[in-house]
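Comments concern the structure below.
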Number of protein chains: 2
Amino acid sequence: MFESAELGHRIDKATFKKEVPKLREALLLTQAELLRTKKMPVVILVSGVEGAGKGETVNILSEWMDPRHVHTYALDKPTDEERERPYMWRFWRKLPPKGKIGVFVGSWYRAAIVDRAFGRIKNAELDQSMERIIRFEKMLTDEGTLVLKFWLHLSKDAQKKRLKKLESSAETRWRVTDMEWSHFKLYDTFRRVSERALRQTSTFEAPWIVVEGTDPNYRYLTLGKAILEAMRKRLDAPDVPQPPPHTPPLLPAEDRLSILSTLDMSLKMGKKSYSESLAKLEKKMNLLTRHPRFKDISVVAVFEGPDAAGKGGAIRRITGALDARTYRVIPIAAPTEEERDQPYLWRFWRNLPGTGQIGIFDRSWYGRVLVERVEKFCRIQDWMRAYSEINDFEEQLVRSHTVVVKFWVHITRDEQLARFKEREKTGFKRFKLTDEDWRNRKKWDEYEIAACDMIDHTGTEIAPWTLVEANDKQYARIKVLKTMCDRIEDALKKKKN
Amino acid sequence: MFESAELGHRIDKATFKKEVPKLREALLLTQAELLRTKKMPVVILVSGVEGAGKGETVNILSEWMDPRHVHTYALDKPTDEERERPYMWRFWRKLPPKGKIGVFVGSWYRAAIVDRAFGRIKNAELDQSMERIIRFEKMLTDEGTLVLKFWLHLSKDAQKKRLKKLESSAETRWRVTDMEWSHFKLYDTFRRVSERALRQTSTFEAPWIVVEGTDPNYRYLTLGKAILEAMRKRLDAPDVPQPPPHTPPLLPAEDRLSILSTLDMSLKMGKKSYSESLAKLEKKMNLLTRHPRFKDISVVAVFEGPDAAGKGGAIRRITGALDARTYRVIPIAAPTEEERDQPYLWRFWRNLPGTGQIGIFDRSWYGRVLVERVEKFCRIQDWMRAYSEINDFEEQLVRSHTVVVKFWVHITRDEQLARFKEREKTGFKRFKLTDEDWRNRKKWDEYEIAACDMIDHTGTEIAPWTLVEANDKQYARIKVLKTMCDRIEDALKKKKN
């Protein structure tokens, strides 16, 4: 991996001076075109060994381009806010939108490589981390992002020389701390671990470009030209519609039996036992959020289901039990322009609750495999890959001690009609009913198929779906509240062990 | 994942009798078309819980199709031959060629899931195994294979009933052994582990299709129709050329410095020290293969380099030291028709040495990123993804105690010309020189760029390249022999620890 980056590549001053003006002009023009066409976001990772000039290189690059549209992030220790959320949250927050360039110095690779080099994790865990990164980057490139990964390399001798040189000058001494020297002592280990990481993550969609870090001119020109070439290639490519892929089918319906059709929709709860259960469960819910260990977990609740199924009412029975500082309801409508310029999961990542918090999503990321699938707002390949992207997303939540509770609040077709009519009649409910509701209703069967496929593909051992028979609102609300309490209680018990 | 497969799906006898003849006819016609067009190989995995009817289903499927072109493999315990090679070797051997269907009962998923359920491995290792499977299946689908994965599921109750029923009849009692019951005791564990495995490996290219196993009619019809639909979809798809993908560039050449250009091609060895070294090293080589622990490892040696670089001569200096039963030289020329109907790595898998054996590849899998790239025998996306496919392949070799030694035997352009001329002059050498050699020579620069990219992308910590300065044959042969000895010696030392 590092062979070509230990040869002593150099660009002499004269060549450099001659090349740079041309390159800068081309970069600026290309950047302007990117901004105008908003064809894709550009993510540039600048990683590599200590002292290989990551910082300087990134500075030069933003000097060469229009710095208003290049954002550079040197993410070091996570902030409090970041520590309370899944590891990838800090990176999601910084992803550039379409038309812009985001440069990351010290990226999502850093933690796992450092942990492995210091023996804090084993190879299997390093591989696991790399695998998650591959999935994340695959999602980015599938969503259209151009991902460029540069690894600045120094041979052992070159690194030692470089650190000594930095130390010898008063201006640059601050760059070399004990950490740099302690990493240097582990040069061979770092090299082996990095090579393993790079080997696994140098994918077809986002290969590593290993660049020798010794000579600044060589480093600057190489990165500049590689970035220019990659952006030009994408901007110049004609917009050919990709043919739909040949994927195996979802489970064909051999009989009329679907998971939704088997629900007992006649389930009911009398007024008296409803009142009693509600009071008991709301009290329990409140106590759970005051539990001393509640501050160590997060809760994400997802509500999906047909229009008028009573999602809002169920949500209010939860929030009614809670201190307003503990929860936030996130209603999901069509994405904003800002959100459309990002991967579709971005708007959910930005709304993730911290520890000790409950985030309640009234509709959610499942829109991609429900409304976007049925209404053809995205291509078949996009919603089909979403199943595993969503499973990966929820796995990250669960891994960072988030309880993921997912409700499909279900009503029958007849019940929906009755509720629509009721809404039409009642003045203060009329605002809730739109033309879109009537349009969606016509596609009832398609939505039901999409929902069943969704449950099959995203009902997992770590984040199962709870199907709620909601023709009777009282029954439904109690089932939701009880499930919430049970799941949180389980998580608090686990935390103890 | 298993929600829809616990609903009690059934197909009544009358419907079944009505549907089957139509389905069988369609399957037979489709299979005939597949065989005629040789459009792709079809790999069908039938996995799932014990007693869910995997065996019966597979029997019915081959009854319904032309059994001459459906090969079913129920791989149980590995044979001696299989145990001596990487885990995936047994599956590679059985992969169907284009036009044919291979059905695997108990597939590459089985071992890791069982090991995890019995607590012999941890989650991180399960994930690692699943990750390797994803890469393997991605390679298959990238190479054009249709991969269909069925998981036959039974609820806990259904599994218990089924095992009891099988046991109660004299005819089927043999199906239920202690192993089945010991697995049943772990039903919940198996369910959790399987769900984790399925969640991770249900990819866009090869998603799992989970089918309820209780009712045979339902099972047969569902699998039959899903297979038919998937094959038809692929056969009916028009042959649109895929546009080249937008991938980031390889490292651009900013200066004239390449890893090959930095070799000291004047290195030489005098006759006397050559003779002495050769005698010493050949003796050492021979002793190494007689080492008691040599029977626990395999050796794979790869020779690449320009025409007339002296690969054959170097190989003969190795084999000259060996007992003929210890080694095999595998000369790689253009693939045969049989080999062209398989993924490109297939012909190398089939030639892998067992333990205690040395396989010497005179040219190798690197043909894909050398000659196939330069001569445009494959698309850019094909050779670009080959870097990581090759790294995965070699990782499997190394993991199964194979020492992978890779030589790039290099000569200068002038030296090649001199050797070509020499061959023309000398009668017994003339057969070695073909028109193709002269044609390849014209593309010297392109081959050199391809070789440098190859070394950069496949020189890894587990299987590094050794670059051999071979303008002087004696020097080259000693370097090759010494490297072989050193690498084998290292491996034998490691085995001890």
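Derivation of every value follows stated rules applied to the coordinates shown; laboratory data play no part. All figures in this text were calculated on a predicted structure; none of them were measured in a lab. As a convention, Cβ positions derive from the backbone with ideal geometry for all residues, glycine included, and neighbour counts pool all protein chains shown.
Figures for the structure shown
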item	result
Karplus 3J(HN,Hα) series, Hz, for the range B:27-35 with 6.51 cos²θ - 1.76 cosθ + 1.60 (x for Gly, Pro)	5, 5, 4, 5, 5, 4, 5, 4, 5
Prolate/oblate/rounded label for the range A:271-496 (Cα gyration tensor, a/c 1.5)	oblate
P(r) tail fraction, the protein assembly as shown - alpha-carbon pairs more than 58 Å apart, %	16 percent
Note, ³J(HN,Hα) from phi for the range B:318-331, Karplus 6.51, -1.76, 1.60, rounded to Hz, x at Gly and Pro	7, 5, x, 8, 10, 5, 4, 7, 8, 10, 8, 8, 10, x
Cβ-placed point charges (K, R +1; D, E -1), dipole of the range A:370-497 about Cα centre in debye, nearest 20	640 debye
Sequence of B:THR189, A:THR289 once ranked by neighbouring C-beta atoms within 10 Å, starting from the fewest	B:THR189, A:THR289
Other-copy label distances relative to A:LYS268, 7 angstrom Cα-Cβ extension, nm	10.4
Cβ neighbours within 10 Å from other chains - mean over B:203-213	5
Cross-link table B:LYS164/B:LYS185; B:LYS22/B:LYS164; B:LYS280/B:LYS406; B:LYS283/B:LYS494; A:LYS149/B:LYS376; B:LYS98/B:LYS295, entries beyond 25 Å C-alpha to C-alpha	B:LYS22/B:LYS164; A:LYS149/B:LYS376; B:LYS98/B:LYS295
Expected 222 nm ellipticity per residue - DSSP helices of 4 or more, -39500 (n - 2.57), all of chain B, to 500	-16000 deg cm²/dmol
Normalised contact order of the range B:3-236, rounded percent, pairs of Cα under 8 Å and 6 or more residues apart	34 percent
Per-residue mean of C-beta atoms belonging to partner chains within 10 Å, peptide B:10-18	1
Only Lys, Arg (+1) and Asp, Glu (-1) charged, at Cβ; the protein assembly as shown dipole about Cα centre in debye	1560 debye
Per DSSP, loop chymotrypsin sites (Phe, Trp or Tyr not before Pro) in the range B:400-497 with at most 13 further Cβ within 10 Å	B:PHE431
Range of Cα positions in the range A:3-236 per principal axis (Å), largest first	47, 44, 34
Long-range amide H partners of B:ILE209 with built H, under 5 Å	B:LYS149, B:PHE150, B:TRP151
Residues with amide H under 5 Å from that of B:VAL329, placed H, sequence gap 5 or more	B:ILE360
Packing-based order for A:476-485, A:140-149, using average beta carbon neighbours within 10 Å, highest first	A:476-485, A:140-149
Square roots of five times the Cα gyration tensor eigenvalues for chain B, Å	50, 27, 19
Convex hull projection area averaged over all views, the range B:289-418, Cα basis, nm²	9.0 nm²
Which listed pairs, of A:LYS77/A:LYS156; B:LYS432/B:LYS473; A:LYS482/B:LYS225, have C-alpha distances above 29 Å, in listed order	A:LYS482/B:LYS225
For the range A:299-351 versus the range A:362-431, the gap between their alpha-carbon centres in whole angstrom	10 Å
Which of B:ARG83, A:ARG317 has the fewest Cβ neighbours within 10 Å, and the rest in rising order	B:ARG83, A:ARG317
In Hz, Karplus ³J(HN,Hα) per residue of the range B:363-370 (6.51, -1.76, 1.60; θ = phi - 60°; x = Gly, Pro)	6, 7, 4, 6, x, 4, 9, 10
Relative contact order (percent, whole number), chain A, Cα cutoff 8 Å, 6+ residue spacing	18 percent
Partners for A:LYS54 among aspartates and glutamates (Cα-Cα distance below 13 Å; same-chain residues under 8 apart left out)	A:GLU212, A:ASP215
Options B:PHE431, B:ILE358, B:MET130, ranked by Cα towards positive dipole end of chain B, top entry (Cβ charges)	B:ILE358
Loop chymotrypsin sites (Phe, Trp or Tyr not before Pro), the range A:108-186, which have at most 16 other Cβ atoms in a 10 Å radius of their Cβ (DSSP)	A:PHE118
Simple Cβ-charge dipole of the range B:271-496, Lys/Arg +1 and Asp/Glu -1, about Cα centre, in debye nearest 20	1200 debye
Per-copy distances of the A:LYS233 label point, shortest first, in nm (7 angstrom along Cα→Cβ)	3.0
A:LYS406 long-range amide H proximity, modeled H, under 5 Å	A:VAL302, A:THR466
Using a 7 Å Cα-to-Cβ projection, B:HIS291 label spacings across copies, nm, ascending	5.7
At most 16 other Cβ within 10 Å, DSSP loop - trypsin sites (Lys or Arg not before Pro), the range B:262-314	B:LYS268
Charge dipole of the protein assembly as shown about the Cα centre (unit charges at C-beta), most positive-ward option of A:THR458, A:SER168, B:ALA14	A:SER168
